[in-house]
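Note sheet for the following structure.
The values are calculated or read from the model by the stated rules, or taken from the named source; none is laboratory data. Please read these numbers as outputs of a predicted model, since none were measured by experiment. Using ideal geometry, Cβ is built from the backbone for each residue, glycine included, and neighbour counts are taken over all protein chains shown. With ligands, DNA and RNA removed, areas are computed over all heavy atoms of the protein, side chains included. Shrake-Rupley method; radii C 1.70, N 1.55, O 1.52, S 1.80 Å.
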Amino acid sequence: AFHIDTEDNKSSTYFDFTEANYEFVDKILSKYPANYKQSGIIPLLDLAQRQHGGWLPLAAMDKVSQICGVAPARVYEVASFYTMFNRQKRGKYFLQLCGTTPCMICGSNDIKNTITDHLGIGDGETTKDGLFTLLEVECLGACANAPMI
């Protein structure tokens, strides 16, 4: 994974947890032995993403690495591996469309084409009004209900 600076997401962008969320930080970290604070990376990233409106700026990941006492790269690895973490802004409605074989056979390409034609966006893009983001993803875990969105 790599980072591309944007106007609102660069290394100099400020992020810190709110006072109320620091109480959650303490509660999360209290579940792990002091020498295993890195076990709190996933719940802390989730907390940061919720605080920041549904996506994780670089500064939030850096804050989590600081709190957990690990190198920033360790946190970036986690944030880039799990699809639940958004490392860039997403639209209010985040459309994740499965593109694997079972969904493709059952018509996911038709759905994707309809969405792109109707909204005027491609894969990974957001409408100009910020309402919709479309992203083709790997398996959503419900192949029996294909196609999944």
**Tally of residues being under 15 Å from Arg87 (Cβ atoms) and over 16 Å from the mean Cα position of the chain (by Cα) across the range 9-43** = 4
**Request:** Say whether the condition of being among the charged types (D, E, K, R) and either closer than 25 Å to Leu140 by Cα or free of Cβ contacts under 8 Å to residues at least 40 places away in the same chain (or both) is met by at least one residue in the range 79-89.
**Result:** yes
**Message:** Condition (residue is out of contact with any Gly (no Cβ under 6 Å at 6 or more places or on another chain), assigned to a strand (DSSP E or B) and open to solvent by less than 80 Å² (accessible area, probe 1.4 Å)) applied to the range 127-143: is it met by at least one residue?
**Reply:** yes
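Yes or no, residue by residue, for (1) at pLDDT 95 or above; (2) assigned to a helix (DSSP H, G or I); (3) out of contact with any Leu (no Cβ under 9 Å at 6 or more places or on another chain):
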{"position": "Ser11", "(1), (2), (3)": "no, no, no"}
{"position": "Ala20", "(1), (2), (3)": "yes, yes, yes"}
{"position": "Val25", "(1), (2), (3)": "yes, yes, no"}
{"position": "Ile28", "(1), (2), (3)": "yes, yes, no"}
{"position": "Gly40", "(1), (2), (3)": "yes, yes, no"}
{"position": "Leu44", "(1), (2), (3)": "yes, yes, no"}
{"position": "Arg50", "(1), (2), (3)": "yes, yes, yes"}
{"position": "Trp55", "(1), (2), (3)": "no, no, yes"}
**Prompt:** Of the conditions (1) in a helix (DSSP H, G or I); (2) touching a residue at least 24 places away in the same chain (Cβ under 8 Å); (3) more than 27 Å from Gly130 (Cα to Cα), Val70 fails just one. Which one is it?
**Reply:** (1)
**Test for Tyr76: is it within 27 Å of Phe17 (Cβ to Cβ), among the aromatic types (Phe, Trp, Tyr) and surrounded by fewer than 16 Cβ atoms within 10 Å (Cβ to Cβ)** = no
